[in-house]
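The values are calculated or read from the model by the stated rules, or taken from the named source; none is laboratory data. Every value quoted in this text rests on a predicted model; they were computed, and no experiment measured them. Glycine gets a Cβ as well: all are built from the backbone with ideal geometry, and neighbour counts include every protein chain shown. Each accessible area value is taken on the protein alone, full model and side chains, heavy atoms only, with ligands, DNA and RNA left out. Shrake-Rupley method; radii C 1.70, N 1.55, O 1.52, S 1.80 Å.
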Amino acid sequence: MNHLLKNTLVLLVFVFFGCNAMAQKFTTHAVKKGETLSSIARQYKVNTETILKYNKEIRKDQVLNANTILVIPADGKTVQTTSTPTNPRTPAAKDPKAAQEEPIGFTSHKVRKKETLYGIAKRYHITEEDIKRYNRALYSAQLKKKMVLKIPKYRRVKPEDTITINEDDFETYTVASKETRWSIAHKYGITIDSMVALNPDLAKNSSYLAEGQELKMPKIAGSSIPNQVQELFISYTVPAKMNFYRLEQEFGVKSDEIVRLNPEITERGGLKEGMVIRIPEKKVVTGEVNTDNYIFYEVKPKQTEFSLTRKLGIKYKELLALNPDLKDGLKAGMVLKLPKNQTGDFEVRNALVLDKINLLDSLNVENHPKMLFLLPFRSDRMDVNNKANTAKMIDSRTDAKISLGLYSGALIALDSIAELGISVDVKTLDNQLSLLKTKELLLRENLGSYDAIVGPLDVPSLREVAVRSSTVQVPVIAPIPADTDLSMSNVFFSYTSDNVLKERMLNFLKKKVTDQNLIIIADSTNADVKDSILSRFPEAKVVEVIEEEKNIGINREKVAEIMSDEVDNWVIVETDNFRLASSVSSILNSFHDTPLDPEVSNDKVQVRMFTTFKGKAFESDVISSTHLSNLNFTYPSVYRESGNDSFTDRYRKKFQSDPDRFAVRGFDLTYDLLLKLAYKKNLIEVSKIIGETEYTGSKFSYEKDFASGYYNQASYIMAFKDLRIVEVNE
């Protein structure tokens, strides 16, 4: 400990610098029939290369399809865009001081029954004010049937002078259960970028979609989108004495809707016998393109048919059958669907295929990450002149021991990243496990200058750092378990939660169980876990736990009654009590590899022990490691035992001692963080495209929760074998 303390304190670095951020503004353009890349570029006063840069799904010589949504940089002077289908003279109309444009002529319009001023204005692509201006009676009187109106006609502006987005080209899409951004983008044949451009309210740092959420999407001519209410029509011949009330009762359609769809009703003065009209028939069509049936892949720039099919592990013919749009060629940004069980050189997260990126081969030496370590080293309790007392204090204080362990591992990571040519600026502060001290330190720091903050360990201080850094979108990494309801979108919880570990173990068992005799032993504090296991394995047998005031255990004879000597016995033990864990492991070991009743059969009982949570109960010294090894005790874990790898060698050379699990964790956490920041200096963006990463003793696979931050989902399945703890090969 003396070597560790001495070197750690000497090597603390106190440096920081500022950084600037730049923002780019954009607008969107819905392609009209006949428009070209060049004409659109002229409209927005940009060059075609600029448009191609932000719309990788199109090619320079490509014929643009109507309704394609393009992202256009809005740095220069762009021509006025309107989203209303009224008067294309809007730029002049918006300025009250601008001279009123004179009409080039007039036409007459005879008002029909139930017509409105709004409907007439929309029909002639002018405003209601335009109509009133030349029909002054409307300022004091209501619109009446048979009234003849004077409708002004204006000079139409050339397309290159104005862009009009016709709302009729778009529709509202309601998100269904188990749909993702990628599945919806695939249905409409657009890119994710286009989808976000059409729906600016979509979160930029999350891919979350809520069931029932409404999206603005381009209509696809001649097609219908699954999961939506589609409007179909039936032809209906009006019988004698039919009226709107009876039609509404029979078809569930309002009279004004029927009139809208059948203008001849107004022209002929109402419903007439023998008239053939259209009646809408609303029908819900169930969609099939969702996460239950498919996974999705977003095509990257410069990918070829060969590289794509090799990566996805699928023949191009099969890919084309699933994605007919591929007949027009492979384009960057396209969203392709794949069979749910497809495997290949990729990882799947939330039904999205992620490329396996080798971070070591993808470093950008121009990136210079800046990090802040904010940990409770407890320098306020240390007397560096008295090493013996200091070492004793560290041994007695878990917070200082964890901090020094994490940071000693981090120092090895900093050395390793420097050898790769990446320059890192690091500042280290001691918050002394105090919220007051944390607030004091933060007042002196320009948090926006950092790319990441590691720590603190205590939840109140972690909350304070997260809140303050969220205003500048700096990620905060919680290096140890943080039992908190903290809901901040910039927090990375690096320690996989107990619930995720439990699910991992249950999924592992679900895949492995065939004909084994399943037995559950759970105390009262783990009754909910027992119920969860029974819901997955209803055939499992339950052993009653005897819980007395000063004793806890199980009845060996009761266990013997449900043991089998014909198939393997898999026993799942759920407890936080080391006495029960010790008693159960001892009893199960007494059954293992021995006959149940030698007088009846010499067949030996085979027992294997599992748990969904290996807490302190199974780490007690009273539990025999030999028993656990005999039972091949298997459990989920956040970390695995590190071996004699390059990290361990470096650590021994630097600190003349073996790394503990906190040092291993500190190295893995920091090295992962620095590699990602050296790839791209935005941890939040990187986490969207980087899948699972693994180092000496830890794995990281961050998934974004809608509002609560990023959570590590990675874990190991570990087991005792031959008195060693090994990773289970799944």
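Before moving on, here are some points about what is shown:
- Of the strands (runs of 3 or more DSSP E) lying entirely inside region 461-526, those carrying at least 3 residues that are among the aliphatic types (A, V, I, L, M) and buried (at least 17 other Cβ atoms within 10 Å of the Cβ) are 476-478, 517-522.
- Scanning region 102-154 for residues that are surrounded by fewer than 17 Cβ atoms within 10 Å (Cβ to Cβ), at pLDDT 80 or above and β-branched (V, I, T) yields T107, V111, T116, V148.
- Of all residues in region 456-473, those that are in contact (Cβ under 8 Å) with a residue 24 or more places away in the chain and among the polar types (S, T, N, Q) have Cβ atoms under 9 Å from Cβ atoms of residues that are open to solvent by 40 Å² or more (accessible area, probe 1.4 Å) and not in a loop (DSSP other than H, G, I, E, B), 6 or more apart or on another chain, in S461/L435; S461/K437; S461/K439.
- Residue match in region 657-680 (condition: part of a helix (DSSP H, G or I), among the acidic types (D, E) and open to solvent by 40 Å² or more (accessible area, probe 1.4 Å)): no
- Every residue from region 388-407 that is in contact with a Lys or Arg (Cβ under 8 Å, 6 or more places away or on another chain) and not hydrophobic (A, V, I, L, M, F, W, C): D395, R397, D399, S403, G405
- Filter result (open to solvent by less than 40 Å² (accessible area, probe 1.4 Å) and hydroxyl-bearing (S, T, Y)) within region 625-656: S629, T634, Y635, S637, T648, Y651
- Output for region 34-53, where each listed residue is crowded, with 17+ Cβ neighbours inside 10 Å and either more than 33 Å from the chain's Cα centre (by Cα) or touching a residue at least 60 places away in the same chain (Cβ under 8 Å) (or both): E35, L37, I40, A41, Q43, Y44, V46
- Residue check for I717: in contact (Cβ under 8 Å) with a residue 60 or more places away in the chain and either loosely packed, with under 15 Cβ neighbours inside 10 Å or under 12 Å from the mean Cα position of the chain (by Cα) (or both): no
- Looking across F591, F610, one residue alone is closer than 30 Å to L669 by Cβ, crowded, with 21+ Cβ neighbours inside 10 Å and either at pLDDT 95 or above or of a type in the set (D, E) (or both). It is F610.
- Number of the exception - K158 against (1) surrounded by 12 or more Cβ atoms within 10 Å (Cβ to Cβ); (2) modelled with pLDDT under 80; (3) of a type in the set (K, R): (1)
- Some residue of region 278-298 being of a type in the set (K, R) and modelled with pLDDT of 80 or more: yes
- Members of region 613-624 that are more than 22 Å from S532 (Cα to Cα) and surrounded by 17 or more Cβ atoms within 10 Å (Cβ to Cβ): I623
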